[in-house]
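A short write-up of the structure that comes next.
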């Protein structure tokens, strides 16, 4: 593997619980009548905020208001302590040492994603980033990954996309790259149904495939 692409939330940085907690608080604020099951809650992972909240209201203004509230709460929780998954920095440093190109493909806004990488000390190891505003269509559509391949002039056959959601695995397969699932995901069962080529327990296990 010459090009290693990572999802961000729930893959490199431990934002999953922050995201889920923020969804709960946001729904309590704007949709108190909606009772979300755990499955419905985790189903929201891996989608853009516009898609998620757009499922509950037809008003664009309302969606914008909800997202503003969500980001305010989320940012506060992130500032209180955002950390990476174990050995993320060590893994990325190893990949760079081996001559791999390292990229991040996320549904997050580019500015926010960059800040979170900076906050956790991962930014120096990232060669490029594809964020929300870089594509018109988002995962599970392959466009974000195809955009990354174009950015790095990378070959599909020697590229792997590492993610924690079935949308990541689906997008990778549609893009023609290899897919790698992390077992610490809340969506492991759903990912395995899409049949990723690789499954790892820790990020450092990527050493075995490069």
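What follows is calculated from the coordinates using simple rules that are stated; it is not laboratory data. These numbers come from a predicted model, not from an experiment. Because the Cβ atoms are built from the backbone with ideal geometry, glycine has one as well, and the counts that use them run over all protein chains shown.
So the values come out like this:
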quantity: Computed over the chain: relative contact order in percent, which uses C-alpha pairs under 8 Å that are six or more apart; calculated: 25 percent
quantity: Among 58-65, 166-173, the order from most to least packed when residues are scored by Cβ within 10 Å on average; calculated: 166-173, 58-65
quantity: Highest-fluctuation residue, 121, 163, 131 considered, GNM on the chain with Cα pairs under 10 Å; calculated: 121
quantity: Acute angle (nearest 10 degrees) that the helix 166-175 long axis makes with the longest principal axis of the chain, alpha-carbon atoms; calculated: 50 degrees
quantity: Coarse-grained scattering of the stretch 16-79 at q = 0.20, 0.27 Å⁻¹, given as base-10 log I(q)/I(0) from a Debye sum over alpha-carbon atoms; calculated: -0.76, -1.42
quantity: Helix 143-152 vs. the chain, principal-axis angle (Cα, 0 to 90°, nearest 10); calculated: 40 degrees
quantity: Angle between the chain longest axis and helix 110-119 axis [Cα atoms, degrees, rounded to 10]; calculated: 70 degrees
quantity: Contact order normalised by residue count of the stretch 16-79, Cα under 8 Å, 6+ apart, percent; calculated: 46 percent
quantity: Gaussian network model of the chain, Cα within-10 Å springs - most flexible of 84, 51, 22; calculated: 51
quantity: Mean residue ellipticity (222 nm) of the chain, computed from DSSP H runs ≥ 4 via -39,500 (n - 2.57), nearest 500; calculated: -13000 deg cm²/dmol
